[in-house]
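What follows is a set of notes on a single structure, which appears directly below.
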Amino acid sequence: MATTAAPYGLRPINLIGGQQFAGSTRQLKIASGYAANIFYGDVVAIGTDGTIVKVTNVGTNADAFPAGTVGVFLGCSYTSPSLGYFLQAQYWPTGTVASNATAYVCDDPDALFQIQADDAVTQTMLGSNFGVNQTAGSTTTGDSKISLDVATRATTNTIALRLVDFVNGPFSTVGDAYTDCIVKFNFGIHTYYNGTGVGD
């Protein structure tokens, strides 16, 4: 039972229609010195300079995801300025100076993601739209701590995530205190399904 609040961000599990998620990612540049931690499972966007930035918005009407929202961060690689060698990392440490920094992003607009809610989610909420809580991730594990914000539930078409299913198993079921949910980017939120372009 999902009775403990232990958010882990967005985890890709498969695609709409039961298509398999094969682990494919797009490699997108991170600007050297980018001054924000980006954790595994955070939402990211393409900034106006063509590099990846962390989405810090909560994804509701008052604080919508930006037009360049491109998917979920699944790690990165760069030459460490302190260690002096190329490495692959679970998260991007804020302010890292590396000219070859690359983010691995699940950018498929049809991807489905598992996420823990901050409260109970019931069967009647299936098909609703939700925003997220932007809780800071862990620099120990490198994992995001974004969670689904149940209080933002609405039918409004500009809210970021659509609830499409629940995680049902030995450790999670519908209506648990911190329900594990399956969501996707709502239509018009992901930049590939959004007619508004980005860039300078």
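Data overview
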| quantity | calculated |
| --- | --- |
| Tyr178 aromatic (Phe, Trp, Tyr) and either farther than 24 Å from Ala36 by Cα or in contact with a Lys or Arg (Cβ under 9 Å, 6 or more places away or on another chain) (or both) | yes |
| Single residue of Phe65, Phe73 found to be open to solvent by less than 60 Å² (accessible area, probe 1.4 Å), part of a loop (DSSP other than H, G, I, E, B) and touching a residue at least 12 places away in the same chain (Cβ under 8 Å) | Phe65 |
| The listed residue being free of Cβ contacts under 8 Å to residues at least 60 places away in the same chain and of a type in the set (Lys, Arg), out of Lys29, Lys54 | Lys54 |
| Residue tally, condition modelled with pLDDT of 95 or more, open to solvent by 30 Å² or more (accessible area, probe 1.4 Å) and of a type in the set (Asp, Glu), over the stretch 150-200 | 1 |
| Members of the stretch 111-145 that are open to solvent by 40 Å² or more (accessible area, probe 1.4 Å), touching a Phe, Trp or Tyr at 6+ places or on another chain (Cβ under 9 Å) and either farther than 25 Å from Tyr192 by Cα or of a type in the set (D, E, K, R) (or both) | Asp118, Asp119, Gln123, Ala136, Thr139, Thr141, Asp143, Lys145 |
| Which listed residue is more than 24 Å from Ala62 (Cβ to Cβ), among the aliphatic types (A, V, I, L, M), in contact (Cβ under 8 Å) with a residue 24 or more places away in the chain and assigned to a strand (DSSP E or B), from Leu163, Leu112 | Leu112 |
| Candidate set: the stretch 1-34, residues that are open to solvent by 80 Å² or more (accessible area, probe 1.4 Å) and among the aliphatic types (A, V, I, L, M); chosen: the one farthest from Asp119 (Cα to Cα) | Ala22 |
| Members of the stretch 82-98 that are surrounded by 11 or more Cβ atoms within 10 Å (Cβ to Cβ), farther than 21 Å from Val43 by Cβ and of a type outside the set (A, V, I, L, M) | Phe86 |
| Boolean, Asp143 is within 12 Å of the chain's Cα centre (by Cα), at pLDDT 95 or above and among the acidic types (Asp, Glu) | yes |
| Residues located in the stretch 1-52, provided they are over 20 Å from Gly197 (Cα atoms), assigned to a strand (DSSP E or B) and among the polar types (S, T, N, Q) | Asn14, Gln20 |
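The values are calculated or read from the model by the stated rules, or taken from the named source; none is laboratory data. Keep in mind the model is a prediction, meaning the values are calculated, not measured. Cβ coordinates were reconstructed from backbone atoms using ideal geometry, including for glycine residues, and neighbour counts include every protein chain displayed. In case anyone asks, the SASA skips ligands and DNA or RNA and just uses the protein heavy atoms, side chains included. Shrake-Rupley method; radii C 1.70, N 1.55, O 1.52, S 1.80 Å.
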